[in-house]
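Read the structure below first, then the notes.
The values are calculated or read from the model by the stated rules, or taken from the named source; none is laboratory data. None of the values given here were measured: they were computed from a predicted structure. Every residue, glycine as well, gets a Cβ built from its backbone with ideal geometry; the counts of neighbours run over all protein chains shown. Quick note on the areas: whole protein, heavy atoms, side chains included, nothing else; ligands and nucleic acids left out. Shrake-Rupley method; radii C 1.70, N 1.55, O 1.52, S 1.80 Å.
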Amino acid sequence: MKIPQIVIDEMIAQARQDAPNETCGYLLGQGDAITENYWMENIDHSPEHFAFAPRDQFAALKYARSKGLKILANWHSHPASPSRPSVEDLRLALDPNIRYAILSLHEGIHLNSFSIRNGEVVDKQVHFTISQLDD
């Protein structure tokens with residue numbers, strides 16, 4: 001999956017704005033190319049987990065269809081933990097056809113995406129990383 005820097009910058013800004021709570025959204029595009037970040041409300045308003053607002057999920061799907069795009073990934077932030085799926089993330093990753101991206105603000109900024117099947121990571125891609133020392 002390819003994510004342009006402008007979309008990564010939007011994700012970082014969103015994660016910083018919503019911190020210390022997790023933020024979330026969908027990544028939209030075609031093939032393996034992301035073209036847009038679609039922000040959704042974390043109705044849990046929690047620093048440790050997230051849940052999409054159902055109204056936002058329906059709006060995102062309608063928007064994507066109107067633009068000829070597909071939901072290629074869902075994503076959320078980890079404000080205080082690494083960019084890897086938690087036990088809960090693995091349990092809730094039910095769609096094997098999309099990727100699951102996690103943007104960590106812990107010890108720098110790290111964006112990885114994962115293919116998850118049957119509760120197990122089967123593939124990891126690194127999309128962006130800057131260590132705290134690089135800041």
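Checking the condition under 15 Å from the mean Cα position of the chain (by Cα) and among the basic types (Lys, Arg), which residue from LYS62, LYS124 passes?
On inspection, the qualifying residue turns out to be LYS124.
Quickly run through region 16-25 and pick out the residues that are in contact with a strand residue (DSSP E or B) (Cβ under 8 Å, 6 or more places away or on another chain) and not in a helix (DSSP H, G or I).
Step one: filter region 16-25 for residues in contact with a strand residue (DSSP E or B) (Cβ under 8 Å, 6 or more places away or on another chain), giving 18-19, 21-25.
Of everything in region 16-25, those that are in contact with a strand residue (DSSP E or B) (Cβ under 8 Å, 6 or more places away or on another chain) and not in a helix (DSSP H, G or I) turn out to be ALA19, ASN21, GLU22, THR23, CYS24, GLY25.
Limited to region 38-52, what total is found for residues that are of a type in the set (Ser, Thr, Tyr) and not in a strand (DSSP E or B)? Full working, then the answer.
Step one: list which residues in region 38-52 are of a type in the set (Ser, Thr, Tyr), which gives 38, 46.
Still in the running and not in a strand (DSSP E or B): 46.
Residues meeting the conditions: 1.
Restricting the first residue to region 52-79 and requiring it to be among the aliphatic types (A, V, I, L, M), which pairs with a second residue that is assigned to a loop (DSSP other than H, G, I, E, B) meet a Cβ separation below 8 Å and a spacing of at least six or different chains?
Hits for this filter: ALA53/GLU41; ALA53/ILE43; ILE71/ILE98; LEU72/MET1; LEU72/ASP32; LEU72/ILE98; ALA73/MET1; ALA73/ILE98.
I'd like the residue in region 107-135 that is within 21 Å of TRP39 (Cβ to Cβ) and not aliphatic (A, V, I, L, M) and, out of all such residues, is surrounded by the most Cβ atoms within 10 Å (Cβ to Cβ). Break it down into steps so the answer makes sense when it comes.
To start, the set of residues in region 107-135 that are within 21 Å of TRP39 (Cβ to Cβ) comprises 109-114, 127-128.
Filter once more, so that each one left must be not aliphatic (A, V, I, L, M): 110, 112-114, 127-128.
Details: HIS110: 20, ASN112: 21, SER113: 25, PHE114: 21, HIS127: 19, PHE128: 17.
The residue in question is SER113.
Looking at (1) under 18 Å from GLN17 (Cβ atoms); (2) within 13 Å of the chain's Cα centre (by Cα), which is the one condition that is false for HIS45?
So HIS45 meets the others, but not (2).
Out of (1) of a type in the set (A, V, I, L, M, F, W, C); (2) part of a helix (DSSP H, G or I); (3) open to solvent by less than 40 Å² (accessible area, probe 1.4 Å), the odd one out for LEU28 is which?
Among (1) of a type in the set (A, V, I, L, M, F, W, C); (2) part of a helix (DSSP H, G or I); (3) open to solvent by less than 40 Å² (accessible area, probe 1.4 Å), LEU28 violates only (2).
Of all strands (runs of 3 or more DSSP E) completely enclosed by region 62-135, which ones contain at least 3 residues that are in contact with a Pro (Cβ under 9 Å, 6 or more places away or on another chain) and closer than 18 Å to ILE3 by Cα?
Qualifying strands (runs of 3 or more DSSP E): 99-104, 108-117.
In region 1-15, which residues are in a strand (DSSP E or B) and either open to solvent by less than 80 Å² (accessible area, probe 1.4 Å) or of a type in the set (A, V, I, L, M) (or both)?
Across region 1-15, there are no qualifying residues.
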